[in-house]
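J.: Handing you a structure now.
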Amino acid sequence: MKTVLIGLGGASSSGKTITAKALCDILSPFKCSLVHLDDFYLSDDSIPIDKKYGIQNWDCVEAIDFPRFKQYLRRIKDSGEVEKIDSLESDAGTKLHPNELQKFRDYVASYEDRFNDYHLVLVDGFMLYHDREILDLFDVKLFFYASFQTLKTRRESREGYQTVDGFWQDPPGYFENIVWPSYVTTHSYLFEGNNIEANLTSSAREQLHILPIRSDSLTLYQLVELSLKEILTKL
Ligand SMILES: Nc1ncnc2c1ncn2[C@@H]1O[C@H](COP(=O)(O)OP(=O)(O)OP(=O)(O)O)[C@@H](O)[C@H]1O
Ligand SMILES: [Mg+2]
């Protein structure tokens, strides 16, 4: 059985986790695992303080234990096994409508012969493509993003995040002061003219094989459909 590492990377509130959970449910008849980068956050008192705003920056590279994360992914690739870790993510199931779930289950069942040969490892994280060493570990690279306004609206309507030691709620202005600038700093190199609102460069698409998924006006059904099609091209 071959192991396939599938990255669901990109901006905060772009739809990575809801898509990953839906895919996991759809693919449950096959060997499929789900890994969340959020489970590799440092302890709360080790999260860097933003110099300008004097608040914790949960959206920067330094907030994550990347050496441990890289090692974890490499072990998956080498052994084909996913070491179990206690996850901070809620285990709430998919938000797909039962009819939609059934439709996708029928769809993947029609490719049973192909899925049977693979262990699919879905990796959900806001910082997977900023570093070439991590990016190269993935066999499928889905890049979720959306406009500033869409991401801000979605992020601000969230309750907050379970952390290693507690619960984090964004203070007012957090999206525009911290989340968005951190995303721009780490991801603009993938966009034409380093402009985060432009299209992905041809080298990001054709050489790095990143599939852009702009989620502003897509439904969960469409996010899953695009992701599944891309995964199938690699099996
Ligand atoms: N395409 C979409 N249409 C409408 N709402 C969406 C869409 N994608 C995500 N959302 C909503 O935005 C919120 C965040 O989605 P999700 O948890 O998948 O984000 P994420 O990309 O995992 O972000 P983070 O990196 O912060 O964990 C959820 O409430 C979700 O329902
Ligand atoms: Mg998430």
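The values are calculated or read from the model by the stated rules, or taken from the named source; none is laboratory data. Values in this document were obtained by computation on a predicted structure and should not be read as measured data. All Cβ positions, glycine included, derive from the backbone under ideal geometry; neighbour counts span all protein chains shown. To get the accessible areas, we keep the full protein, side chains included, count just its heavy atoms, and leave off ligands, DNA and RNA. Shrake-Rupley method; radii C 1.70, N 1.55, O 1.52, S 1.80 Å.
J.: What is the one condition in (1) within 13 Å of ligand 2 (Cβ to nearest atom); (2) more than 14 Å from the chain's Cα centre (by Cα) that residue 37 does not satisfy?
T.: (2)
J.: Which of the residues belonging to region 121-174 are within 16 Å of ligand 2 (Cβ to nearest atom), assigned to a strand (DSSP E or B) and open to solvent by less than 10 Å² (accessible area, probe 1.4 Å)?
T.: 122, 123, 124, 125, 142, 143, 144
J.: Among the candidates 203, 147, single out the residue that is over 18 Å from residue 130 (Cβ atoms) and at pLDDT 95 or above.
T.: 147
J.: Just a yes or no: is a residue in region 63-80 open to solvent by less than 50 Å² (accessible area, probe 1.4 Å), over 30 Å from residue 107 (Cα atoms) and of a type in the set (A, V, I, L, M)?
T.: Yes, region 63-80 contains a residue that is open to solvent by less than 50 Å² (accessible area, probe 1.4 Å), over 30 Å from residue 107 (Cα atoms) and of a type in the set (A, V, I, L, M).
J.: Could you check how many residues of region 35-47 are surrounded by 15 or more Cβ atoms within 10 Å (Cβ to Cβ) and either among the hydroxyl-bearing types (Ser, Thr, Tyr) or assigned to a loop (DSSP other than H, G, I, E, B) (or both)?
T.: Total meeting the criteria: 3.
J.: Which of the residues that make up region 175-195 are over 14 Å from residue 129 (Cα atoms) and open to solvent by less than 20 Å² (accessible area, probe 1.4 Å)?
T.: 175, 178, 179
Residues are listed down the side, and each one gets a yes or a no for (1) part of a loop (DSSP other than H, G, I, E, B); (2) out of contact with any strand residue (DSSP E or B) (no Cβ under 6 Å at 6 or more places or on another chain):
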residue	(1), (2)
33	no, no
62	no, yes
85	yes, yes
88	yes, no
96	yes, yes
